[in-house]
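None of the figures in this text is laboratory data; all of them are computed from the coordinates on show. Nothing here was measured: the structure is a model prediction, and the numbers come from that model. Glycine gets a Cβ as well: all are built from the backbone with ideal geometry, and neighbour counts include every protein chain shown.
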Amino acid sequence: MNLNENEFQFSDKNFQYLKQKVFQLTGINLSDSKTALVYSRISRLLRQNHFNDFDEYCNYLEQHEPKAEREFINAITTNFTSFMREEHHFEYLQEVLLPEIIERNRLKKRIRIWSAGCSTGEEPYSISFVVNDVLKDIQDWDVKILATDIDSDALLTAENGLYKDKDVEQISASYLKRKARYFDLYDSQTKTYSINNQFRKIIYFKYFNLMCKEGWPMQGPFDIIFCRNVMIYFDRFSQNQIINTFCNLLAVKGYLILGHSESVPSSIQNKLKYVDRTIYQRVQ
Ligand SMILES: C[S@@+](CC[C@H](N)C(=O)[O-])C[C@H]1O[C@@H](n2cnc3c(N)ncnc32)[C@H](O)[C@@H]1O
């Protein structure tokens, strides 16, 4: 496909180069139908860095400058997320998973949760809302939520914890009634809310690439790992490798929660038992 009618020359060769580059850097496996998406997301970087065409941009990227690679990753990733997205998981967390984990961990009073691919923060903050609602004596517990992503811009937004009213108000009525508990009004003119400190302070945001080959720095064991709507973009081989590693990092009887359109491959189902809609439990 040649998008010559567009602002920048963009050849098939350019697309194939960017496609293999994004795969190499992030594990994201773009299909050949994503030409227009790549053009629209990357042309912004050409404008910003004053390149004349995609040939120039690809040469620049080939120099492996960390800044260039970071900008490329941030531009190409899909960050769509929302508070209480796939709400069923948060109801199940509240009604089944947390009561069970609290009972199991009541002597050590420690809970570890990982939001892998946390994007702009709505997922780990939603987890924190539920954990704080369920664990009434949270001040006596050692609770940590690790929140990681490969997109440094998304992580910055997550750490800032500022959201527009339209993002806050799309949550369902049962959670919206606790809006004043979860959020503080930050700026009435721009209708911006900030996450209340009680819900921020148990979250640790970190840059982490799930395709990292050098061994993962986190020790575990995690009681729950959320990795939702992230591996959908990876090939089967990478999905299997990552899910196996998640499994090793989970406590026995710990839970892995995937996105509603994702699943654990059958080859790993002897280790991870299906318990509810895209929720799996480590069995051994
Ligand atoms: C669609 S968002 C999902 C956000 C959230 N988990 C949810 O379900 O709403 C996918 C996120 O995965 C991140 N991601 C993609 N490839 C990644 C990788 N190799 N390592 C870590 N995060 C990655 C993207 O940057 C993006 O923020």
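Grab every C-alpha pair in segment 17-77, bin the distances at 5 angstrom width from 0 up to the longest one, and report whole percents.
Reading upward from the zero bin: 4, 18, 34, 29, 12, 2.
Provide the net charge surrounding Ser119, with neighbours chosen by a C-beta distance below 11 Å and charges set as Lys +1, Arg +1, Asp -1, Glu -1.
Numbers: positive: Arg85, Arg228; negative: Glu122, Glu123, Asp149, Asp151, Asp153.
My count for the surroundings of Ser119 gives -3.
Using modelled backbone amide H atoms (1.01 Å from N, in-plane), which distant-in-sequence or interchain residues come within less than 5 Å of Gln9's amide H?
Phe54
For segment 12-76, what is the charge dipole size about the Cα centre, in debye to the nearest 20, if Lys and Arg each add +1 at the Cβ and Asp and Glu each add -1 at the Cβ?
My answer is approximately 260 debye.
With springs only between Cα atoms under 10 Å, which of Asn52, Asn196, Asn240 fluctuates most in a Gaussian network model of the chain?
Greatest mean-square fluctuation among the candidates belongs to Asn52.
Among Ile28, Ile73, Ile138, determine the one that fluctuates most according to a GNM of the chain built with springs between C-alpha atoms less than 10 Å apart.
Top of the fluctuation ranking is Ile138.
Using only the alpha-carbon atoms, what does the chain span along each of its principal axes? Please give whole angstrom values in decreasing order.
For the chain, the Cα extents along the three principal axes come out at 62, 53, 29 Å.
Considering only DSSP beta bridges with both partners in segment 135-238, what is the antiparallel share in %, to the nearest 5?
Taking every DSSP beta bridge with both residues in segment 135-238, the antiparallel ones total about 60 percent.
If I model a spin label as a point 7 Å beyond the Cα along the Cα-Cβ vector, how far apart are those points for Asn160 and Asp276 in nm?
About 3.5 nm, to one decimal.
Using modelled backbone amide H atoms (1.01 Å from N, in-plane), which distant-in-sequence or interchain residues come within less than 5 Å of Ile203's amide H?
Hits under the 5 Å cutoff: Ile145.
For Ser188 and Asp140, what does the FRET efficiency come to when R0 = 35 Å and r is the distance between their Cβ atoms, rounded to the nearest 0.05?
On the way: r = 36 Å, r/R0 = 1.03.
The value I calculate is 0.45.
Who wins for biggest fluctuation among Gln239, Gln20, Gln189 in a Gaussian network model of the chain, springs between alpha carbons below 10 Å?
Checking each option, the largest mean-square fluctuation is seen for Gln189.
What full-extension length gain, to one decimal in nm, is calculated for Leu176 and Gln9 as 0.36 nm per residue of separation minus the Cα-Cα distance?
Full extension from Leu176 to Gln9 adds 55.4 nm.
Of Lys144/Lys253; Lys108/Lys201; Lys109/Lys144; Lys136/Lys206; Lys67/Lys213, which ones are farther than 22 Å apart at the Cα?
Details: Lys144/Lys253 18 Å; Lys108/Lys201 20 Å; Lys109/Lys144 11 Å; Lys136/Lys206 27 Å; Lys67/Lys213 20 Å.
Cα-Cα > 22 Å for Lys136/Lys206; rest within.
For the chain, what's the relative contact order in percent, using C-alpha pairs closer than 8 Å and at least 6 residues apart?
Numbers: 411 pairs, mean separation 46.2, N = 284.
This gives 16 percent for the chain.
Run the quick spin-label model on Ser40 and Asn197: label points 7 Å from Cα toward the beta carbon, then report their separation in nm to one decimal.
Here the answer is 4.2 nm between the modelled labels.
Students often forget the sequence filter, so: which lysines lie under 18 Å Cα-Cα from Lys34 once same-chain residues fewer than 8 apart are removed?
Lys13, Lys19, Lys21
Indicate, rounded to the nearest 5 percent, the antiparallel portion of the DSSP beta bridges found entirely in the chain.
Antiparallel bridges: around 40 percent, rounded to the nearest 5.
Mean separation of Cα pairs under 8 Å and 6+ residues apart, divided by the residue count of segment 127-251: what relative contact order is that in percent?
29 percent
Where nothing but the Cβ of Lys and Arg (+1) and of Asp and Glu (-1) is charged, how large is the charge dipole of the chain around its Cα centre, in debye to the nearest 20?
Using only the charged Cβ atoms, the result is roughly 1060 debye.
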